[in-house]
Amino acid sequence: MSILNQEFSTPFNTAPFSKIKNEDFLPAFKSAIKKARKEIDAIVKNTESPSFKNTIEALEFSGQELDRISSIFFNLNAAETNDEIQKIAQEVSPLLSEFGNDITLNEDLFKRIKSVYNSKPKNLTEEQKTLLDKRYKSFSRNGANLPEDKKEELRAIDKELSQLKLKFGENVLAETNKFEMLITDENDLSGLPDG
């Protein structure tokens, strides 16, 4: 098990960057995706009637390990990337895209969400009502109501987009790193401190 799949014993649960190695990421992502899939399966296979607690709230708390690993990795990729991290990102992004689609396009999961949404539970707080509304709309807007052939088309588009986003980010970074500002006239520096 990777250090990334464990609770951190650091102040404020911050990532122990000095102990994380690049080779930790891919196995950690795969393990966290597997765990998150089990959490989603537990929601879908729940034999109780769909409720805010056993569907919406359970969904909200699923995949937290995966979210944490993603935050650490993609922040590193944006702030302190290198060829190895970019290669990992190219492997991970399609996995995350596929996993995201497996959730959003999961017909049984959406039926549970739709059931809670349509029942309009009266005892929800404003925050819970907002979460229910956002969750339902998120699934609807991301293809949950599409026919099966269109869902497959959406999956292909999302997979391609995940790669294109990475490539775009890499291109922007490469251009930023290539930028040089050459000052040949010392007057252009007037008003700036010597440092």
Of all residues being open to solvent by 100 Å² or more (accessible area, probe 1.4 Å) and in a helix (DSSP H, G or I) in the range 165-187, which is farthest from LYS87 (Cα to Cα)? Just the residue, please. ASN187
Give me the residue from the range 1-49 that is of a type in the set (Ser, Thr, Tyr) and in contact with a Pro (Cβ under 7 Å, 6 or more places away or on another chain) and, out of that set, farthest from SER93 (Cα to Cα). THR10
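Give the residue, chosen from SER119, SER190, SER162, SER138, that is among the small types (Gly, Ala, Ser), open to solvent by 80 Å² or more (accessible area, probe 1.4 Å) and either out of contact with any helix residue (DSSP H, G or I) (no Cβ under 6 Å at 6 or more places or on another chain) or within 27 Å of GLY63 (Cα to Cα) (or both). Steps first, answer last, please.
Details: SER119 fails: open to solvent by 80 Å² or more (accessible area, probe 1.4 Å); SER162 fails: open to solvent by 80 Å² or more (accessible area, probe 1.4 Å); SER138 fails: open to solvent by 80 Å² or more (accessible area, probe 1.4 Å).
Just one listed residue meets the conditions, SER190.
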Which residue, of THR176, THR184, is at pLDDT 85 or above and either more than 14 Å from GLU98 (Cβ to Cβ) or of a type in the set (D, E, K, R) (or both)? THR184
Restricted to the range 18-40, and to residues that are free of Cβ contacts under 8 Å to residues at least 40 places away in the same chain and open to solvent by 70 Å² or more (accessible area, probe 1.4 Å), which residue is nearest to ALA58 (Cα to Cα)? LYS38
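The values are calculated or read from the model by the stated rules, or taken from the named source; none is laboratory data. Source: prediction; values computed, not measured. Heads up, the Cβs are rebuilt from the backbone with ideal geometry, glycines too, and the neighbour counts pull from every protein chain shown. These accessible areas exclude ligands, DNA and RNA; they are computed on the full protein's heavy atoms, side chains included. Shrake-Rupley method; radii C 1.70, N 1.55, O 1.52, S 1.80 Å.
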